[in-house]
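This report refers to the structure that appears directly beneath it.
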Amino acid sequence: MLYDPNSKRIQGRQKLAEYRKALQDKQKWEGEMPMGEGELNRDGNPKVPPGQRVTENWPVLDLGVQPELDEITWNLTVSGLVKNVKTFSWDEFMALPQVEDVSDFHCVTSWSRMDNRWQGVRFRDIVNHCELLPGAKYVYIKAYDTYSTNLPLEEAMKEDVLLVHNWEGHPITRDHGGPVRMITPQLYAWKGAKWIGEIVIRDYDEKGFWEKRGYSNNAEPWLNDRYS
Ligand SMILES: Nc1nc2c(c(=O)[nH]1)N[C@H]1C(S)=C(S)[C@@H](COP(=O)(O)O)O[C@H]1N2
Ligand SMILES: [Mo]
């Protein structure tokens with residue numbers, strides 16, 4: 001099933017409009033309002049979040065170590081507040097419901113790549129398979145390059161948060177996190193771990209690699225929420 005990426009942009013713009021309204025109510029409009037600069041849709045609404053510029057290529061950003069993994073050596077563990085702690089092999093991962101989706105990718109360094117066509121498994125389908133336990137509220141992600149990131153369970157359960165193995169009809173390449181990476185289209189891209197290795201479900205929040213180093217814990221592109 002394909003989703004209309006524009007509907008997500010509309011949701012994002014609504015969030016921005018509500019935020020501006022809230023600021024206006026507090027008479028804090030000036031100076032603190034994220035500006036809706038950048039490309040416009042035909043309807044005159046911004047296509048990209050404030051401060052972002054569209055790129056046609058797909059830059060590579062990571063810590064400089066790109067683990068060499070394949071369908072044999074890669075596996076994914078789901079642990080923490082789930083009834084069934086489980087390590088998925090590639091075959092078990094591929095046996096989960098497969099979806100296709102189109103979404104935008106926003107990097108905090110101000111580039112956005114629009115309309116990416118992904119194939120993979122919904123985050124929510126993976127964790128539901130393991131059965132969430134009461135108290136589950138936060139997600140901590142560990143990757144094979146020692147990277148980590150964190151997000152609220154509520155964000156991770158959104159329908160467009162995927163663990164993807166295919167981009168634009170091709171397997172995700174090693175430099176972009178293959179064989180499997182996570183994507184978080186409604187949050188800045190650092191919340192989506194390349195070479196994902198473990199999903200830990202918790203009742204408390206722990207900051208990941210960039211969150212510890214001053215990036216925003218919330219990371220909402222439409223709110224221009226980049227740094228804490
Ligand atoms: N494992 C891992 N995942 C990661 C990173 C990383 O360094 N290691 N960098 C993050 C950042 S800051 C961004 S912008 C995106 C970049 O993904 P790309 O290199 O495919 O564009 O991956 C995110 N996920
Ligand atoms: Mo980034």
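The values are calculated or read from the model by the stated rules, or taken from the named source; none is laboratory data. Not measured: the values here are computed from a predicted model. Positions of Cβ are backbone-derived with ideal geometry, glycine not excepted, and every protein chain shown enters the neighbour counts. Ligands, DNA and RNA are stripped out before the accessible areas are found, and what is left, the full protein with its side chains, is counted by its heavy atoms. Shrake-Rupley method; radii C 1.70, N 1.55, O 1.52, S 1.80 Å.
Between Thr77 and Asp175, how high is the FRET efficiency from 1/(1 + (r/R0)^6) when r is the Cβ-Cβ distance and R₀ = 35 Å? Nearest 0.05.
On the way: r = 23 Å, r/R0 = 0.67.
The formula returns an efficiency of 0.90 here.
What's the ranking of 168-175, 114-121, 96-103 by average number of surrounding C-beta atoms within 10 Å, highest first? Display every interim value, and only then the final one.
Values: 168-175: 13.1, 114-121: 18.6, 96-103: 16.8.
Highest-to-lowest ranking by the protection proxy: 114-121, 96-103, 168-175.
If contacts are Cα pairs under 8 angstrom and at least 6 residues apart, what is the relative contact order of region 108-228 in percent? Before the final figure, lay out each step's value.
On the way: 229 pairs, mean separation 35.8, N = 121.
With pairs under 8 Å counted, the relative contact order is 30 percent.
Suppose the chain between Glu131 and Lys15 were pulled fully straight at 0.36 nm per residue; how much longer would it get relative to their current alpha carbon spacing?
On the way: separation 116, 0.36 × 116 = 41.76 nm, distance 3.09 nm.
Roughly 38.7 nm would be gained on extension.
Do you know the relative contact order of the chain, to the nearest whole percent, from alpha carbon pairs under 8 angstrom that are 6+ apart?
Working: 467 pairs, mean separation 50.2, N = 228.
Taking the mean separation of contacting Cα pairs over the length of the chain, I get 22 percent.
log10 I(q)/I(0), Debye, Cα-only the chain, no solvent, q = 0.08, 0.11, 0.15 Å⁻¹?
Debye intensities relative to I(0), on a log10 scale: -0.29, -0.55, -1.01.
Using the reciprocal of the averaged 1/r over all distinct C-alpha pairs, how large is the Kirkwood radius of region 172-228 in Å?
Values: mean 1/r = 0.0805 Å⁻¹.
It is 12.4 Å.
How many percent of the accessible area of region 96-228 is carbon or sulfur, using a 1.4 Å probe?
Values: 2430 of 4900 Å².
Reported share for carbon and sulfur atoms: 50 percent.
State in Å² the accessible area per residue of region 163-228; use a 1.4 Å probe, count heavy atoms of protein chains only, and round to the nearest integer. Walk me through the intermediate numbers first.
Details: 2470 Å² over 66 residues.
On a per-residue basis, region 163-228 sits at 37 Å².
Using the structure shown, list the pairs from Lys21/Lys207; Lys15/Lys212; Lys83/Lys207; Lys15/Lys137; Lys15/Lys207 with a Cα-Cα distance above 28 Å, or answer none. Please report the intermediate quantities before stating the final value.
Details: Lys21/Lys207 30 Å; Lys15/Lys212 26 Å; Lys83/Lys207 24 Å; Lys15/Lys137 22 Å; Lys15/Lys207 24 Å.
Over 28 Å apart, Cα to Cα: Lys21/Lys207.
Taking loop as defined by DSSP and a crowding limit of 15 other beta carbons within 10 Å, which chymotrypsin sites (Phe, Trp or Tyr not before Pro) in region 186-228 fit? Spell out each step's value before the answer.
Numbers: sites: Tyr188, Trp190, Trp195, Tyr204, Phe209, Trp210, Tyr215, Trp222, Tyr227; in loops: Tyr188, Trp195, Tyr204.
For chymotrypsin sites (Phe, Trp or Tyr not before Pro) across region 186-228 that sit outside H, G, I, E and B with at most 15 neighbouring Cβ atoms in 10 Å, the list reads Tyr204.
Just to verify a number: what accessible area does Arg124 come out at with the full protein assembly present, 1.4 Å probe, Å² rounded to tens?
Answer for Arg124: close to 80 Å² accessible.
Roughly how much of Lys21 is accessible, in Å² to the nearest 10, using a 1.4 Å probe?
Here the accessible area works out near 110 Å².
Please work out the Cα center distance from region 196-224 to region 101-135, rounded to the nearest Å.
14 Å
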